[in-house]
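Worksheet: one structure, shown below.
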Amino acid sequence: MKEYGPDRIHTIGLFGHGGAGKTTLAEALLFASKALPRMGRVEDGSTVSDYDPDEVKRHASINLSVIPIEWNGNKFNFIDVPGYADFRGEAAAALRVIDGMVLVLDAAGGVEVGAELLWQMAREANIPRVVFINKLDRENANFQRTVEQAKGLLSEAITPMHMPIGSGANFKGIVSLRKRKAWLHHNGKDGAYEIAEIPAEIRPAALQMADGLIEKIAMTNDHLIEEYLEGGAEALSDEELRQGFQAAINAHTIMPLFIGSATTLSGIPQLLDGILDAIPSAAKRLTTAHDLRNDDDYFLEGKADEPLSALVFKTHVDQYVGRLSCFRVFSGELHSNSVVRNARTGRDERIGQLFQLRGKEQTPVSVVRAGDLGAVAKLADTLSGDTLYGPENPLRLRGISYPEAAFTAKVTPHSKNDLDKLGNALHRIIEEDPILQLGRDIQTGETLLSGLSESHLNFVAERVKRKFDVHFDLAIPSVPYRERISSTASSTYRHKKQTGGAGQFAEISLRLEPLPADPDRADPLEFASEIVGGVVSRSFWPAIEKGIRESMALGVLSGHPVIDVKAVIYDGKEHPVDSKEIAFKTAGKFAFREAARKANPVIIEPIYVLNINVPDEYVGDILSDLNGNKRGRVQGMEQIGHSRTLITAHVPLAECQRYSTDLRSITQGRGDFVMRLDHYDDVPHSVAQTIIANAKQHHDDDE
């Protein structure tokens with residue numbers, strides 16, 4: 001492949017709901033540009049972009065993959081992005097490095113859930129967007145319905161540039177509304193077509209749509225609208241229409257919609273030409289970097305003679321080959337066999353052989369220039385989202401905004417061998433999928449893995465099994481309930497033990513006081529002494545505190561830890577021979593238990609704040625579920641975006657551990673949410689009784 005400057009490089013993401021035909025479209029683009037002698041098939045596992053064994057097995061994209069092609073003196077770096085919601089992390093990574101988006105819609109399925117969510121992500125990222133209606137040769141294809149759905153659910157600015165000639169088995173070609181000509185495709189799958197006049201049976205409708213498009217383009221400029229009103233569409237030259245088209249795109253009054261069929265290659269050359277008009281090159285993408293020397297922003301124009309800045313957007317991990325880091329160079333040049341620095345770690349990274357990717361194929365190159373994508377193997381400390389820069393010009397690019405994890409499961413390895421390998425395997429998978437979070441609940445001792453959904457984590461378990469031969473089960477974690485006291489109480493406890501030899505003796509008087517809830521409190525116990533006269537030696541106080549802490553960890557109602565308590569020893573006795581640390585530790589333990597039982601103990605539970613983003617038509621169902629099934633308390637609602645509402649609610653963790661699954665069911669996958677711990681609150685009496693009964697049953701089973 002030839003070398004191209006930033007003004008000739010376009011990085012385009014292929015987005016869409018799973019099954020819309022993105023991967024087949026990538027094959028069509030490769031074939032139409034003569035990069036492939038024949039098209040592969042998803043069903044056969046022979047496509048360039050779906051090469052991972054999991055992708056071949058599922059007949060669906062899981063990882064993003066890079067598909068470069070050459071077209072009319074330009075280089076397109078297409079990124080085939082998974083369409084299912086469980087792999088939105090790949091979409092987030094692609095959105096950070098692309099110059100524009102092609103949203104692929106199924107002409108029979110219309111605007112499906114994944115397309116709507118991905119469009120929303122692209123809108124928030126302020127990425128230029130075009131739409132491609134695919135599969136017009138499919139049975140039940142409906143161009144007009146799909147356009148109306150796109151305008152209603154995505155944006156009123158979506159504007160058809162083409163009109164189909166027939167549909168389904170009768171799909172014969174495409175009308176260019178801008179050029180007022182028809183492209184009639186030939187039978188076969190070579191993509192050949194001929195330019196002809198618009199067929200008579202659709203000419204009136206096509207000309208009406210063409211007039212609407214020309215008027216919309218002319219509205220961008222007073223001179224153009226004046227010419228249009230005086231002389232009609234014929235008064236505008238092709239160059240004036242092109243300039244007006246670009247101005248309308250820049251003003252977001254037009255988002256072009258193209259049509260075709262990837263399997264028959266119909267409309268593929270026209271899509272490529274349309275992308276050149278609609279999406280700017282890398283040279284026109286201004287990027288802000290942070291200058292680490294003077295703590296200021298630095299504006300990059302994407303030129304080869306600027307300081308080096310490159311962002312790693314994808315990491316592939318193989319247990320045999322190691323780590324392969326995919327990056328985009330935003331400015332400057334990155335050379336093979338050079339040294340760069342990681343902005344996050346501050347450490348140097350040695351760059352070996354650079355590659356350009358096409359699916360799994362790696363082509364060695366000596367340099368990757370501004371605007372282009374590349375890959376390098378075996379970087380020591382670099383992860384997805386990291387910036388690489390030349391040591392003499394320290395810059396940091398904005399990282400990748402990944403979706404937040406919304407589902408957590410406990411991980412239970414099958415065997416000791418699996419346990420020994422589990423940590424390393426999960427850390428390697430997390431390098432590939434930064435949305436995943438691995439942790440350990442100190443209270444329950446459970447290993448926790450968090451991701452986007454239950455199905456996301458199930459897929460991770462399958463992937464770890466295949467790649468690293470590590471087997472584990474996933475289950476809902478234990479809720480980390482806690483206990484607190486709600487009043488002040490005291491107790492006096494004497495520990496006396498005589499075994500024939502040296503005995504044990506300790507007596508303490510202990511007062512417990514509740515502390516106000518404070519999420520920032522690091523220590524659940526505030527220990528103090530009001531001992532006067534030395535009735536209990538200071539040397540025994542640490543032992544008493546240790547006994548109190550051990551008792552706090554076991555709780556007094558349900559076996560959950562006690563928090564937010566002040567313990568004060570105010571009296572006691574000791575024996576000159578029999579008093580030992582173990583005796584005072586035991587006395588502290590039981591004195592606490594007695595006092596806590598008198599202090600009106602209650603069980604408290606973690607309350608999470610949920611920010612739920614849903615289409616307006618589901619608001620009633622969401623509120624009903626929160627109030628009726630989740631013990632939730634709605635805090636507020638806010639209208640956001642295009643016909644969507646943001647609901648904020650407080651919900652006990654016990655009721656929302658599977659909320660990602662519940663929300664997907666209620667909204668048919670069109671809802672999204674994030675959750676975070678907000679505070680602890682008292683458990684209702686009926687729920688507390690169930691928790692206590694379960695704890696007693698668990699204790700009896702253990703015995």
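Throughout, read-outs are computed from the coordinates displayed, never taken from laboratory work. These figures come from a predicted structure and were not determined experimentally. So basically every Cβ, Gly included, is an ideal-geometry build from the backbone, and we count neighbours across all protein chains shown.
Odds and ends about this structure:
- Residues in the stretch 118-127 carry Karplus couplings, in order, of 5, 4, 4, 4, 5, 5, 5, 7, 6, 9 Hz; the curve used is 6.51 cos²θ - 1.76 cosθ + 1.60 with θ = phi - 60°, and Gly or Pro positions show x.
- Amide H contacts under 5 Å for GLY572: SER509, restricted to partners 5 or more places along the chain or on a different chain, H placed in the peptide plane at 1.01 Å from N.
- What you get for the chain, charging only the Cβ of Lys and Arg (+1) and of Asp and Glu (-1), is a dipole of about 1680 debye around the Cα centre.
- Bridge orientation summary for the chain: considering DSSP beta bridges with both residues in this region, about 80 percent are antiparallel.
- Principal axis extents of the C-alpha atoms in the stretch 482-599 (largest first, rounded to whole Å): 46, 30, 23.
- Column: log10 I(q)/I(0), Debye, Cα scatterers of the stretch 318-476, q = 0.08 Å⁻¹: -0.30
- For the chain, the longest principal axis of the Cα atoms and the long axis of helix 454-468 meet at an angle of about 90 degrees.
- Distance from the stretch 359-402 to the stretch 430-450 (C-alpha centre basis), Å: 27 Å
- The angle between the Cα long axis of helix 88-97 and the main principal axis of the chain comes to about 60°, on a 0 to 90 degree scale.
- Karplus-derived 3J(HN,Hα), 6.51/-1.76/1.60, for each residue of the stretch 325-334, Hz, glycine and proline x: 9, 9, 9, 10, 8, 8, 7, x, 9, 10
- Across the chain, the mean sequence separation of Cα contacts (distance under 8 Å, 6 or more residues apart), normalised by length, yields a relative contact order of 9 percent.
- Using Cβ point charges alone (K and R +1, D and E -1), the dipole size of the stretch 515-570 about the Cα centre works out to roughly 220 debye.
- Residues whose amide H lies under 5 Å from that of THR159, counting only those 5 or more places away or on a different chain, are MET255, LEU257; hydrogens are built 1.01 Å from N in the peptide plane.
- Whole-angstrom gap from the stretch 69-97 to the stretch 145-211, using each part's C-alpha centre: 26 Å
- Pairwise Cα separations in the stretch 398-477 fall into 5 Å bins from 0 onward with the following percentages, short to long: 3, 15, 28, 28, 16, 7, 2, 1, 0.
- Per principal axis, descending, Cα span of the stretch 203-297 in whole Å: 63, 42, 18
- Applying a DSSP loop filter and a limit of 16 other Cβ atoms within 10 Å to the GluC sites (Glu not before Pro) in the stretch 45-140 leaves GLU139.
- Total formal charge among the other residues, if their Cβ is under 12 angstrom from that of GLY439, Lys/Arg +1 and Asp/Glu -1: 0
- Total lysine pairs whose alpha carbons fall under 21 Å of each other in the stretch 6-149 (8 or more apart, or interchain): 5
- 3J(HN,Hα) along the stretch 247-256: 5, 5, 5, 5, 8, 6, 8, 10, 10, x Hz, from the Karplus curve 6.51 cos²θ - 1.76 cosθ + 1.60 with θ = phi - 60°, whole Hz, x for Gly and Pro.
- Relative contact order (percent, whole number), the stretch 346-407, Cα cutoff 8 Å, 6+ residue spacing: 26 percent
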